[in-house]
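Following: one structure in structure tokens, then a few remarks.
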Amino acid sequence: MTSKKLLKFYFRAGRLNDALDNLIMRSACASATGGNTVFYYADKIIEIVEAKRKLSELWKYLDGVMSSFNGEDKGILLGYALSRGGYNGLPKDRANAVRRVVVRFMRRAKNLSAYGEAVELVKRYYALTGR
């Protein structure tokens, strides 16, 4: 997973959480039709709740990593995460500054492999983080 997607997940986790809550609500309302669909939607709700739990654990880990950065570095990471082009189009000195902070972030997030399932969920639900 790219650092940009991971950072966007970190900064937009509230939006993702709201989107997952909406999916839970839609599934709950859809199950009101009764019949065998109730079990299908119950399984979907359980799957989404489990995904929320795993994503929450990943967010807490990333928040611990982010706590070691100062406000300026967090601002650089936020700008990078929400930018459309990443490093492209930035002046060379600014692009180098962004790269340095991103590399430091990824080095400090060295235990990311312990959250493999959650990282896969970030990939799955990435579109829900919004623009």
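The values are calculated or read from the model by the stated rules, or taken from the named source; none is laboratory data. Keep in mind that what you see is a predicted model, and the values were worked out from it rather than measured. Cβ placement follows ideal geometry from the backbone for every residue including glycine, while neighbour counts extend to all protein chains displayed. Keep in mind that these areas ignore ligands, DNA and RNA; they rest on the heavy atoms of the full protein, side chains included. Shrake-Rupley method; radii C 1.70, N 1.55, O 1.52, S 1.80 Å.
Site pair LEU82 and ARG107 shows an inter-label distance of 2.8 nm when each label is modelled 7 Å from Cα along Cα→Cβ.
Computed from backbone phi with θ = phi - 60° and the Karplus coefficients 6.51, -1.76 and 1.60, the 3J(HN,Hα) list for segment 54-70 is 5, 5, 5, 5, 5, 4, 4, 4, 5, 5, x, 5, 5, 5, 8, 9, 7 Hz; x is used for glycine and proline. Measuring from centroid to centroid over Cα atoms, what is the spacing of segment 93-125 and segment 1-46 in Å? Taking the Cα centre of each part, segment 93-125 and segment 1-46 sit 24 Å apart. Diffusion of the chain by Stokes-Einstein, at 20 °C in a medium of 1.002 mPa s and with Rh set to the Kirkwood radius over alpha-carbon pairs, works out to 132 µm²/s. Of the solvent-accessible surface of segment 1-114, computed with a 1.4 Å probe over protein heavy atoms with every protein chain present, carbon and sulfur atoms account for 54 percent. The ellipsoid that matches the Cα gyration tensor of segment 3-64 has semi-axes, each √(5λ) in whole angstrom, of 29, 11, 7, with the longest given first. Potential lengthening of the chain between ARG131 and GLU117 amounts to 2.7 nm, from the contour at 0.36 nm per residue minus the alpha-carbon distance. Over 20 Å apart at the Cα level, from the set LYS54/LYS123; LYS5/LYS92; LYS5/LYS123; LYS5/LYS60; LYS8/LYS44; LYS4/LYS60, are LYS5/LYS92; LYS8/LYS44.
Give the accessible surface of segment 1-76 per residue, rounded to a whole number of Å², with probe radius 1.4 Å and ligands, DNA and RNA excluded. That works out to 57 Å² per residue. Each residue of segment 19-35 is assigned a 3J(HN,Hα), and the resulting list reads 5, 5, 4, 5, 5, 5, 5, 4, 5, 5, 5, 5, 6, 5, 5, x, x Hz, derived from the Karplus form 6.51 cos²θ - 1.76 cosθ + 1.60 (θ = phi - 60°), x at Gly and Pro. Residues whose amide H falls under 5 Å from that of LEU90, counting only those 5 or more places apart or on a different chain, are absent, with hydrogens built in the peptide plane. Shown in residue order for segment 114-131 are the 3J(HN,Hα) couplings computed by the Karplus curve 6.51 cos²θ - 1.76 cosθ + 1.60 at θ = phi - 60°: 5, 10, x, 5, 5, 5, 5, 5, 4, 4, 5, 9, 4, 4, 7, 6, x, 8 Hz (x for Gly and Pro).
Add -39500 (n - 2.57) for each DSSP H run of 4 or more in the chain, then divide by its residues: what number comes out at 222 nm, to the nearest 500 deg cm²/dmol? Helix-only estimate at 222 nm: -24500 deg cm²/dmol. Mean-square fluctuations from a GNM of the chain, with a 10 angstrom spring cutoff on Cα atoms, peak among ASN22, ASN111, ASN88 at ASN88.
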